[in-house]
Amino acid sequence: MKHTITLIPGDGIGPEVSAAVVRIIAATGVDIQWETHYAGAQALEKFGNTLPEDLLESIKRNKIALKGPITTPVGKGFTSVNVGLRKTLDLYANLRPVRALPNVPCRYPELDLVVVRENTEDLYSGIEHVVVPGVVESIKVITEKASTRIARYAFEYARRESRKKVTAIHKANIMKLSDGLFLDCFRNVSKDYPEIEADDKIVENACMQLVMRPEQFDIMLLENLYGDIVSDLCAGLIGGLGLVPGANIGELGAIFEAVHGSAPDIAGQGIANPTALLQSSILMLRHMGERDAAQKIELAMLRVFEEGNVRTRDIGGKAHTDEFASAIIAAFQ
Ligand code: NAI
């Protein structure tokens, strides 16, 4: 079957890791026509808009996109393209499976948990204003609708993937109304899934528990901001940002992307680890029904990690991005 997929290479290390992943996918024989689009600073320069209408139309038409990281200027400049894409397309569920890989130096080689992050509201609603000079307000928006649908997504995912527990992470002791609403929605939804354990933790305790005893978590359900922070923490537990995949899923489509950013400190050197985007592409292929190709890539990737001869620098090796991609293709069976 022929697929058409929107490809957003991104900037920084984005073009390097996405080229490697596109090459690996092509080697599986899956028939994909890529529609390449620019976003962020590149699109601003070419088209005067960070999120061109053509790009949004392409994703709406194809319903699937693979995306490299996009730089967001800090404290000034344009607003986040990543947040913009998720909000415009209502990709409300951010899924980040965190699983240790063989032979990667890390604190928790057995770790296998999933972060489910609400993707559309919270402090990321972007409602900020100056009240009077020297005083600003950022508004945290939490709704019953979004909290209920993300909780349902987490429990449905748990049921589908035979996971045993969903833990809601919150700060409802302080933000009694907003986080309180998120927690109430979680508890209401949990009643429909009696076979799945439901519990909750306050966010700072959850962070400490993650560092000390992460095996107690199975699926973690978080609002947008806590989810952003905690998922990077989880990446650190299994060896770093270069490894963890992500998917942004909604009714209109899905964008698959790595958890990491554009890594300006190593961009252009050909040394970035493409594993995170590769693992995102495995999620994508499964989502498209291309299970054989997904399995082929996953087994080859695990074999390369098990052999341990070809690794990128972030995990203690010397291999360049391209060498790693070639090793995966050579390990196909
Ligand atoms: P970052 O994730 O780009 O980098 C953090 C550290 O991890 C750096 O030392 C980097 O070299 C390393 N790293 C990240 N990915 C790697 C990879 N694949 N291989 C090897 N090392 C890797 O985070 P940072 O520096 O905070 O953000 C840089 C830019 O990326 C910012 O503009 C930020 O807004 C943007 N960003 C974009 C995201 C997206 O497009 N989804 C997600 C996160 C950040």
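Run the numbers for Glu307 and Phe78: contour at 0.36 nm per residue of separation, minus the present Cα-Cα distance, in nm. Kindly include the intermediate steps, with their values, before the conclusion.
Details: separation 229, 0.36 × 229 = 82.44 nm, distance 4.36 nm.
Result for the pair: 78.1 nm of gain on full extension.
7 Å from Cα along Cα→Cβ at both Arg159 and Arg213: what's the point-to-point distance in nm?
3.0 nm
Given charges of +1 on the Cβ of Lys and Arg and -1 on the Cβ of Asp and Glu, with all other atoms neutral, how large is the dipole of the chain about its Cα centre, in debye to the nearest 20?
So the magnitude is around 340 debye.
For the chain, with a Gaussian network of springs between Cα atoms less than 10 Å apart, report the residue from Gly180, Gly12, Gly316 with the top mean-square fluctuation.
Most flexible of the set in this elastic network: Gly316.
With a Förster radius of 30 Å, plug the Cβ-Cβ distance of Ile127 and Asp184 into 1/(1 + (r/R0)^6) and report the FRET value to the nearest 0.05. Before the final figure, lay out each step's value.
Working: r = 23 Å, r/R0 = 0.76.
Result of the calculation: an efficiency of 0.85.
Cα convex hull of region 112-237: mean projected area in nm², to one decimal? Mind showing how you got there, number by number?
On the way: hull surface 33.1 nm².
Answer in nm², one decimal: 8.3.
Extending each Cα 7 Å along its Cβ direction at Asn173 and Ile229, get the distance between those two points in nm, one decimal.
Result: 1.5 nm between the two label points.
Would you mind ranking Met301, Met175, Met1 by Cβ crowding within 10 Å, fewest neighbours first? Before the final figure, lay out the partial values.
On the way: Met301 21, Met175 15, Met1 8.
With the sparsest Cβ surroundings first, the list reads Met1, Met175, Met301.
Counting DSSP beta bridges in the chain, what percent are antiparallel, to the nearest 5?
Numbers: 20 of 48 bridges.
If I count the DSSP bridges inside the chain, around 40 percent turn out antiparallel.
Given the options Ala172, Val230, Ala151, identify the residue whose Cα lies farthest towards the positive end of the charge dipole of region 112-237 (+1 on Cβ of Lys, Arg; -1 on Cβ of Asp, Glu).
Value: Ala151.
Can you work out the FRET efficiency for the pair Glu323 and Thr4, with r the C-beta to C-beta distance and R0 = 25 Å, to the nearest 0.05?
Values: r = 30 Å, r/R0 = 1.20.
It comes to 0.25.
Identify the trypsin sites (Lys or Arg not before Pro) of region 124-221 meeting these criteria: DSSP loop state and at most 14 other C-beta atoms within 10 Å of the C-beta.
Lys164, Lys176, Lys191
With a Cα-only, solvent-free Debye model of the chain, what are the log10 I(q)/I(0) values at q = 0.09, 0.11 Å⁻¹?
Per q value, in the given order, log10 I(q)/I(0) is -0.47, -0.71.
Pairs Lys87/Lys145; Lys140/Lys191; Lys63/Lys164; Lys60/Lys145; Lys87/Lys201: which are spaced more than 20 Å apart, C-alpha to C-alpha? Intermediate results must be reported in sequence, preceding the final value.
Details: Lys87/Lys145 15 Å; Lys140/Lys191 27 Å; Lys63/Lys164 30 Å; Lys60/Lys145 23 Å; Lys87/Lys201 27 Å.
Pairs exceeding the cut-off: Lys140/Lys191; Lys63/Lys164; Lys60/Lys145; Lys87/Lys201.
So how far apart, in nm, are the two label points at Asp112 and Asp90 if each is 7 Å from Cα heading toward Cβ?
Simple spin-label model gives 3.5 nm for this pair.
Computed from the coordinates by the stated procedures, all read-outs in this text should not be read as laboratory data. Because the structure is predicted, anything quoted here is derived from the model rather than measured. So basically every Cβ, Gly included, is an ideal-geometry build from the backbone, and we count neighbours across all protein chains shown.
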